[in-house]
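> The structure that follows is given in the form of structure tokens.
Computed from the coordinates by the stated procedures, all read-outs in this text should not be read as laboratory data. Note that the structure is a prediction, hence the values are computed from the model and not measured. Here the Cβ is made from the backbone with ideal geometry for all residues, glycine too, and neighbour counts use every protein chain on show.
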Amino acid sequence: MRHHKADKKLGRDPSHRQAMLRNMVTSFFKHDRIETTDARAKVLRPIVEKWITLAKKGDLHCRRQALSYLEDKNVVHKLFEETAKKLKERQSGYTQIIKKINRKGDNAPVSVIKLLIADSEVEKKPKKKTKATEAKKETKPKTVKKTAAKEKKAAVSKPKKTKASEQETKEDQKKE
């Protein structure tokens, strides 16, 4: 019986499990989100949050620890320079696990684990102005619309001028 056994084994021996988790953490920081099974995502979350907390510290010792665990130097740089600065105000809860539908082949429950800064960046970006939104802003007040409608009615009731009628009006003006 597995009473008081803290770690999930994920069906792998310890060296394979450690290598898999290192790869997953590296991929997670590289792409800011990964899609994996629910069990793996739940195991990955505390590891990722530990590395973000160390990156927020930002000293040389933490950076060297990250370089020994993460497999890509560029990912470590991104973690310490970009991700840690974006999450500086947040105390904890840097990740979110979103459950998806089960995988087609083996019906395994799949979820997406992602950094929460990806959502906050999308919200902060200003919306692009479209022609429809600009047209709504440029609508005339109701009183102006009524006067414009009256002018249209008046224009319709007046007879249209032709070239012949224009020449007649010019001749009448000359005679006077």
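> Packing-wise, with mean Cβ within 10 Å as the measure, how do 108-116, 88-96 rank, highest first?
Descending mean neighbour count gives 108-116, 88-96.
> Now, a different point. Report the full-extension gain for the segment residue 3 to residue 90: residue separation times 0.36 nm, less the Cα-Cα distance, to one decimal in nm.
Result for the pair: 27.9 nm of gain on full extension.
> Got a sec to turn the phi values of region 69-78 into Karplus ³J(HN,Hα) couplings, 6.51 cos²θ - 1.76 cosθ + 1.60 with θ = phi - 60°, whole Hz, x for Gly and Pro?
Rounded to whole hertz, the list is 9, 6, 9, 10, 5, 5, 5, 5, 4, 4.
> Could you order the peptides 24-37, 56-69 from most to least packed, using the average number of other C-beta atoms within 10 Å per residue?
24-37, 56-69
> Using C-alpha positions alone, give me the convex hull volume of region 14-124 per residue in cubic angstrom.
Given the Cα convex hull of region 14-124, per-residue volume reads 110 Å³.
> Compute the relative contact order of region 14-124 as a whole-number percentage, counting only Cα pairs closer than 8 Å that sit 6 or more residues apart in sequence.
34
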